[in-house]
Amino acid sequence: MYGLEAINANNGWAISVVGITVVFSGLVILSLVISQLYKVLALWEDPSIIKALFKAKQKKELPEELQEKQIVDQMDFTESQKEVVKQFALLVRTMENHFSLPRLLHLARISDLKDPYSNLNNLLKAKIIIQDGSGFFTWDKDMFDKTIS
C-alpha cells in the first residue's frame with residue numbers, strides 16, 4: 001500500500017493537520033514575542049519606567065471632579081489667550097449646538113484669529129470644548145465661565 005491509500009489507512013490527514021496547527025501556532029507566538037520584545041528591553045535599560053507607569057495609573061484613578069479641577073488649575077490662560085477664547089465663543093455661537101472641529105478651525109482662520117490650532121488645543125485641554133461621542137463637539141459654557149473669570 002502506497003500513496004494516498006497509506007495516508008488514509010494510518011490517519012495521515014489528522015497527523016498532518018495537527019502538525020500544521022502546531023507549527024502555525026508556534027510561529028504566531030514567536031511573532032507576538034518578537035513584536036513586544038522592545039518593551040521588555042526598554043524596561044531592562046530603564047527600570048524607572050515602571051514607577052512612571054504606576055504614577056500615571058494612580059492619576060487616572062482620581063475622581064473626575066478632581067481631574068477637572070486639576071486641568072482648570074493647570075490651564076491658566078493669559079489675557080491675550082482669554083481674548084482669543086472669547087472670540088472662539090463668538091464663533092461657536094454662530095454654529096449649531098453640535099459642531100465639527102474642522103468647521104470651527106475654518107471659521108477661526110477666516111476670522112484671522114491668532115494661532116487657531118494651539119488655541120483650539122488649549123480649549124480641548126481645558127475641557128471647554130467637549131466631544132459628544134458622535135464625532136461632533138459641544139461648548140461647555142460652565143467650564144468657559146470658570147476659566148475666563
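The values are calculated or read from the model by the stated rules, or taken from the named source; none is laboratory data. Values in this document were obtained by computation on a predicted structure and should not be read as measured data. Positions of Cβ are backbone-derived with ideal geometry, glycine not excepted, and every protein chain shown enters the neighbour counts.
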Exercise for review: For residues that are among the hydroxyl-bearing types (S, T, Y) and touching a residue at least 12 places away in the same chain (Cβ under 8 Å), scanning just the range 100-149, find the one that is nearest to K86 (Cα to Cα).
Suggested key: T147
Study note, to complete from the structure: The residue from F77, F88 that alone is of a type in the set (F, W, Y) and part of a loop (DSSP other than H, G, I, E, B) is F77
Practice item. Go through the range 90-127 and give me each residue that's of a type in the set (D, E, K, R) and farther than 20 Å from K141 by Cβ. Key: R109, D112, K114, D115
**Study point:** Qualifying residue in the range 30-52 (condition: modelled with pLDDT of 90 or more, over 30 Å from F144 (Cβ atoms) and hydroxyl-bearing (S, T, Y))
**Key:** yes
Check your understanding: Of all the helices (runs of 4 or more DSSP H) wholly in the range 93-149, which have at least 3 residues that are within 20 Å of the chain's Cα centre (by Cα) and at pLDDT 85 or above?
Key -> 116-125
Study note, to complete from the structure: Reported set for the range 1-28 where residues are outside any helix (DSSP H, G or I) and not aromatic (F, W, Y) is M1, G3, N10, N11
